[in-house]
1. When you scan segment 84-107, do you find a residue that is surrounded by fewer than 19 Cβ atoms within 10 Å (Cβ to Cβ), closer than 26 Å to Tyr1 by Cα and among the acidic types (Asp, Glu), even just one?
2. Cβ-Cβ under 8 Å, sequence separation 6+ or interchain: first residue in segment 84-96 and closer than 15 Å to Glu109 by Cα and assigned to a helix (DSSP H, G or I), partner of a type in the set (Asp, Glu) and open to solvent by 60 Å² or more (accessible area, probe 1.4 Å). Which pairs?
3. Within segment 59-89, can you find the residues that are within 11 Å of His19 (Cβ to Cβ) and under 10 Å from the mean Cα position of the chain (by Cα)?
4. What residue, among those in segment 10-47 that are in contact (Cβ under 8 Å) with a residue 60 or more places away in the chain and farther than 20 Å from Glu65 by Cα, is surrounded by the fewest Cβ atoms within 10 Å (Cβ to Cβ)?
5. Within segment 51-60, work out how many residues are open to solvent by 40 Å² or more (accessible area, probe 1.4 Å) and either modelled with pLDDT of 95 or more or hydrophobic (A, V, I, L, M, F, W, C) (or both).
6. Could you please give the count of residues in segment 74-83 that are open to solvent by 80 Å² or more (accessible area, probe 1.4 Å) and assigned to a helix (DSSP H, G or I)?
Amino acid sequence: YIVESIVFKKATGIGVDTHMHRLFNALGWASSDTPDKTRKQMEGWLPREKWGAEVNILWVGLGQEVQQQKPKILKKAISCSRPAEAIRLISKLGLDCQKVAAKLGIKKELKEATDSNVSCNMQPKKLLL
């Protein structure tokens, strides 16, 4: 699906890899035990115009950072414009922010970021729409 979307500018489905499968299940957007079942569930509610390569590039990259580049994603979350929300998101996706912050020596920065009063009223599925 990804090659088809990039090369032919045609999206007939969403390419779901292991990272996306884990993320979408962690967010509650799918409830399945395989990437293919997750793909089918996502295609069931995500508007077809959102099926392009962008969804794959965004979510595969996020999944890789959450699962394989923990220090990098935590530093990004702390320094972004809405750190409390970013930290809640990556925590929901399985990142142990306290543990990573302790290893990096940035526990104070993590606390300050999570104590910020910025809030978001957006529903989870709205993030993709």
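1. So far as segment 84-107 goes, no, none of its residues is surrounded by fewer than 19 Cβ atoms within 10 Å (Cβ to Cβ), closer than 26 Å to Tyr1 by Cα and among the acidic types (Asp, Glu).
2. Within 8 Å, the pairs are Ala84/Asp115.
3. Trp59, Val60, Gly61, Leu62, Gly63, Gln64, Glu65, Val66
4. For segment 10-47, the residue satisfying everything is Pro47.
5. Number of matching residues: 2.
6. 3
Rundown of residues vs (1) basic (Lys, Arg); (2) at pLDDT 90 or above; (3) not in a loop (DSSP other than H, G, I, E, B), yes/no style:
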| site | (1), (2), (3) |
| --- | --- |
| Thr12 | no, no, no |
| Asn25 | no, yes, yes |
| Ser32 | no, yes, no |
| Glu49 | no, no, yes |
| Leu62 | no, yes, yes |
| Val66 | no, yes, yes |
| Lys72 | yes, yes, yes |
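The values are calculated or read from the model by the stated rules, or taken from the named source; none is laboratory data. Predicted model, so just to flag it, every value in this text is computed and none were measured. No Cβ is skipped: glycine too gets one built from the backbone with ideal geometry, and neighbour counts run over all protein chains shown. Ligands, DNA and RNA are stripped out before the accessible areas are found, and what is left, the full protein with its side chains, is counted by its heavy atoms. Shrake-Rupley method; radii C 1.70, N 1.55, O 1.52, S 1.80 Å.
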